[in-house]
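One structure is given below, encoded as structure tokens.
The values are calculated or read from the model by the stated rules, or taken from the named source; none is laboratory data. Being a predicted model, the structure only gives us computed values, none of them experimental. Glycine also receives a Cβ, built like all others from the backbone with ideal geometry; neighbour counts cover every protein chain displayed.
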Amino acid sequence: MNKKVTAVFIAVAALTVARAGLALEPKVLQLEEPVMAQVRMVQPFEVVAGTYISLVLTSAEPMMVSAVVSTDIYDRFENVVIPKGSKLIGKEIRQVRDRHDIAWTGLQIPAVPGTLRLDPPLKATMPDGSAGVTGMEPGALLGTIIGEPFIVPH
């Protein structure tokens, strides 16, 4: 029995050595170039992503919703970009239960003639930032959060 154990041990050792000889060469890890963040400078009169605009609803017709900006919106250089009293124009996209989805597609600034097109449209939110609007009557408080930065011409 001792000879059998020795023979099995030798066979296993031979297979292990043979496998080691047939093993693939180990991979050599390559250093990759570090990922560089794409940073751009914020420009004057730019409304940056994440900016909250506080609004008061003035018209709640589904095809023509409008609201007035209730506080001045500043850029990073302390310029007033969207003054209090500016108007957002949009329309109701759909209603889900008690929430109305409103897309703001235009911005009217008193000092700038015409209506500035918002592309992509801004989505209306409740004052706490939650999606959609409840209580679609004039005087209702709501807001919008900027998703993509944009520059307002002055």
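Each residue in segment 50-65 was checked for being exposed (fewer than 11 other Cβ atoms within 10 Å of the Cβ) and within 16 Å of the chain's Cα centre (by Cα), and 1 of them qualify.
Pairs meeting the criteria (first residue in segment 35-55 and closer than 13 Å to Ile151 by Cβ, second residue polar (S, T, N, Q) and in a loop (DSSP other than H, G, I, E, B), beta carbons under 7 Å, at least 6 apart or on different chains) are Pro44/Asn79; Phe45/Asn79. Is it the case that some residue within segment 39-47 is part of a loop (DSSP other than H, G, I, E, B), within 16 Å of Gly143 (Cβ to Cβ) and among the charged types (D, E, K, R)? No, segment 39-47 contains no residue that is part of a loop (DSSP other than H, G, I, E, B), within 16 Å of Gly143 (Cβ to Cβ) and among the charged types (D, E, K, R).
Filter segment 128-148 down to the residues that are surrounded by 15 or more Cβ atoms within 10 Å (Cβ to Cβ) and not hydrophobic (A, V, I, L, M, F, W, C), then identify the one that is modelled with the lowest pLDDT. Walk me through how you get there before you give the answer.
Let us first name the residues in segment 128-148 that are surrounded by 15 or more Cβ atoms within 10 Å (Cβ to Cβ), namely 132-133, 136, 140, 142-146.
With the extra rule that they be not hydrophobic (A, V, I, L, M, F, W, C), the set shrinks to 132, 143-144.
On the way: Gly132: 92, Gly143: 96, Thr144: 97.
Filtering first and then ranking leaves Gly132.
Using the structure shown, decide if Glu78 is modelled with pLDDT of 95 or more, surrounded by fewer than 13 Cβ atoms within 10 Å (Cβ to Cβ) and closer than 29 Å to Asp128 by Cα. Yes: the conditions hold for Glu78.
Tally the residues that are under 19 Å from Val152 (Cβ atoms) and either assigned to a strand (DSSP E or B) or not hydrophobic (A, V, I, L, M, F, W, C) (or both), restricting the search to segment 63-100. Final tally of qualifying residues: 24.
Among the candidates Ala60, Ala103, Ala111, Ala124, single out the residue that is aliphatic (A, V, I, L, M), in contact with a Phe, Trp or Tyr (Cβ under 8 Å, 6 or more places away or on another chain) and either farther than 23 Å from Gln43 by Cα or assigned to a loop (DSSP other than H, G, I, E, B) (or both).
Result: Ala124 is the single residue among Ala60, Ala103, Ala111, Ala124 that is aliphatic (A, V, I, L, M), in contact with a Phe, Trp or Tyr (Cβ under 8 Å, 6 or more places away or on another chain) and either farther than 23 Å from Gln43 by Cα or assigned to a loop (DSSP other than H, G, I, E, B) (or both).
Somewhere in segment 142-150, is a residue part of a loop (DSSP other than H, G, I, E, B) and of a type in the set (Ser, Thr, Tyr)? Give the derivation first.
Our first condition is that a residue be part of a loop (DSSP other than H, G, I, E, B); within segment 142-150, this holds for 146-149.
Remaining after also requiring of a type in the set (Ser, Thr, Tyr): none.
So far as segment 142-150 goes, no, none of its residues is part of a loop (DSSP other than H, G, I, E, B) and of a type in the set (Ser, Thr, Tyr).
The lone criterion from (1) outside any strand (DSSP E or B); (2) within 23 Å of Val96 (Cβ to Cβ) left unmet by Leu118 is number (1). Of the residues making up segment 81-123, those that are under 20 Å from the mean Cα position of the chain (by Cα) and either exposed (fewer than 13 other Cβ atoms within 10 Å of the Cβ) or under 17 Å from Ala49 (Cβ atoms) (or both) are Trp104, Arg117, Leu118, Asp119, Pro120, Pro121, Leu122, Lys123.
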